[in-house]
1. Of a type in the set (A, V, I, L, M) and either without any contact (Cβ under 8 Å) to a residue 60 or more places away in the chain or out of contact with any Pro (no Cβ under 6 Å at 6 or more places or on another chain) (or both): does that describe ALA311?
2. Which count do you get for residues in the stretch 202-247 that are within 21 Å of the chain's Cα centre (by Cα), open to solvent by less than 10 Å² (accessible area, probe 1.4 Å) and more than 15 Å from TRP180 (Cβ to Cβ)?
3. Is it true that some residue in the stretch 290-304 is of a type in the set (Val, Ile, Thr), closer than 23 Å to PHE120 by Cα and under 21 Å from the mean Cα position of the chain (by Cα)?
4. Could you tell me whether SER97 is at pLDDT 95 or above, under 19 Å from the mean Cα position of the chain (by Cα), open to solvent by less than 10 Å² (accessible area, probe 1.4 Å) and of a type in the set (Ser, Thr, Tyr)?
5. Being among the aliphatic types (A, V, I, L, M), farther than 22 Å from GLY143 by Cβ and open to solvent by less than 40 Å² (accessible area, probe 1.4 Å) is the filter here, so list the residues in the stretch 354-373 that pass it.
6. Failed condition for THR213, given (1) in a helix (DSSP H, G or I); (2) under 24 Å from GLN70 (Cβ atoms); (3) out of contact with any strand residue (DSSP E or B) (no Cβ under 8 Å at 6 or more places or on another chain), with all others met?
7. How many residues does the stretch 87-104 contain that are assigned to a loop (DSSP other than H, G, I, E, B) and under 22 Å from SER124 (Cα atoms)?
8. Only one of GLN111, GLN66 is outside any strand (DSSP E or B) and open to solvent by 20 Å² or more (accessible area, probe 1.4 Å). Can you tell me which?
Amino acid sequence: MKKKLLGAMLAASMVVTSFAGTGFTAMAADEPIKIGVSIWSSTDVLGSQCKWVIDEAAAALGVEVQYVDQGHVSEDVTASVETLAAAGCQGIIICNSADTEMQSAIATAQQNEVYIAQFFRVISEENSSDIYELAKASPYYVGAVHENEPENGEKLVDILLEKGCRNIGLIGWEQGDATWLGRWQGYQAGVEKWNAEHPDDQATLSEPQYAGTTSEGGAKAANALMSADPTLDALIPAGGGGEPLQGAISAVEAAGKTGEISIVSTDFLPDLGERLENGSMAGESGGHYCDPLFAFMMVYNAVKGNYTDFAGTFNEINFPYLYVSSPEDYKAYEQYFVDQLPYTADEFKAMADQSLEELTATAAALSIEDAAARAAK
């Protein structure tokens, strides 16, 4: 990962000055900052958690935030950037954002001299090299915060296989979505590795049923998979904000197969502890709702003039997933990520003063143990 930073702290008396073509704007210290958030939903399970942490960080830093819910509808995703730029936002963070959508989003950001960063997503250098190079060349594309999705998928499959599941049904949300494709790659790798190591105890992974991002879609997909394979003993609703997972759980419950069909997914539900207790969930990856916090901090520092010289670089922050597969696992998570945020207002302020390298390290360090240790101080 290449990063170029100029740690230029600006005096309070400095006037606003723009340098055309550089993507750098020096701001007066007391000038108000407005950051836009283009998000699939600010009200579903994961989206509302993202909004919670962004709002608290914004309050600590005195930043105004404006949200646009775009429902992962492609034309609405691209239009949301135009809406937020027109509303006077100096910076924007965005998810969902397919690579093709980012081509338009970057062009809009550059036209309006607005900084933009992705969360939960990264442009694929391999599959979208032209768009990757466009982002890299832009003085307004700050970077991307994202997870290791293949690793996530493989770890979730391992949870199922270790619990004895062998016939796994797969539910995706949107065909072609980069995050979904990364997870799918991991699920496949996990099953292939198991089968190579256990020739007499083979596992299968179905072709995906697609659910969109709704509970109804998740229920329909689960019912289709259960009907197609009476021996099904596991389901992976891959994601989509939590709603497809809830629908799949409801379908399994309605079929009277709770406990018979183990379910793992990504994006923690608010009642995950209870579901691990009653067997309606076997495990989950999540706790990553702070991912957009780091995209927010990247854009905040770009607007302030603390992070500069983006043209010619592609900045990434890799954010860790947390994994739970027992009620005991969840209890510790609940204490530091549900009952309270894992960061305080003072920690948000300190984070905003970090270099990009330091911010990257802070993101990578987040864990239940890390949150507990800081809370004990």
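The values are calculated or read from the model by the stated rules, or taken from the named source; none is laboratory data. Worth saying up front: this structure is predicted, and the values here are computed from it rather than measured. Glycine also receives a Cβ, built like all others from the backbone with ideal geometry; neighbour counts cover every protein chain displayed. These accessible areas exclude ligands, DNA and RNA; they are computed on the full protein's heavy atoms, side chains included. Shrake-Rupley method; radii C 1.70, N 1.55, O 1.52, S 1.80 Å.
1. Working: of a type in the set (A, V, I, L, M): yes; either without any contact (Cβ under 8 Å) to a residue 60 or more places away in the chain or out of contact with any Pro (no Cβ under 6 Å at 6 or more places or on another chain) (or both): no.
Spelling it out, it is not the case that ALA311 is of a type in the set (A, V, I, L, M) and either without any contact (Cβ under 8 Å) to a residue 60 or more places away in the chain or out of contact with any Pro (no Cβ under 6 Å at 6 or more places or on another chain) (or both).
2. The total comes to 1.
3. Applying the first criterion (of a type in the set (Val, Ile, Thr)) to the stretch 290-304 yields 299, 303.
Narrowing further to those that are closer than 23 Å to PHE120 by Cα: 299, 303.
When the remaining residues are screened for being under 21 Å from the mean Cα position of the chain (by Cα), the result is 299.
Yes, the stretch 290-304 contains at least one residue that is of a type in the set (Val, Ile, Thr), closer than 23 Å to PHE120 by Cα and under 21 Å from the mean Cα position of the chain (by Cα).
4. On the way: at pLDDT 95 or above: no; under 19 Å from the mean Cα position of the chain (by Cα): yes; open to solvent by less than 10 Å² (accessible area, probe 1.4 Å): yes; of a type in the set (Ser, Thr, Tyr): yes.
The answer is no for SER97.
5. First, the residues of the stretch 354-373 that are among the aliphatic types (A, V, I, L, M): 356, 359, 361, 363-366, 368, 371-373.
Keeping just the survivors that are farther than 22 Å from GLY143 by Cβ gives 368, 371-373.
The answer is ILE368, ALA371, ALA372.
6. (1) is the only condition that THR213 fails.
7. Qualifying residue count for the region: 3.
8. Numbers: GLN66 fails: outside any strand (DSSP E or B).
When all the criteria are applied, what remains is GLN111.
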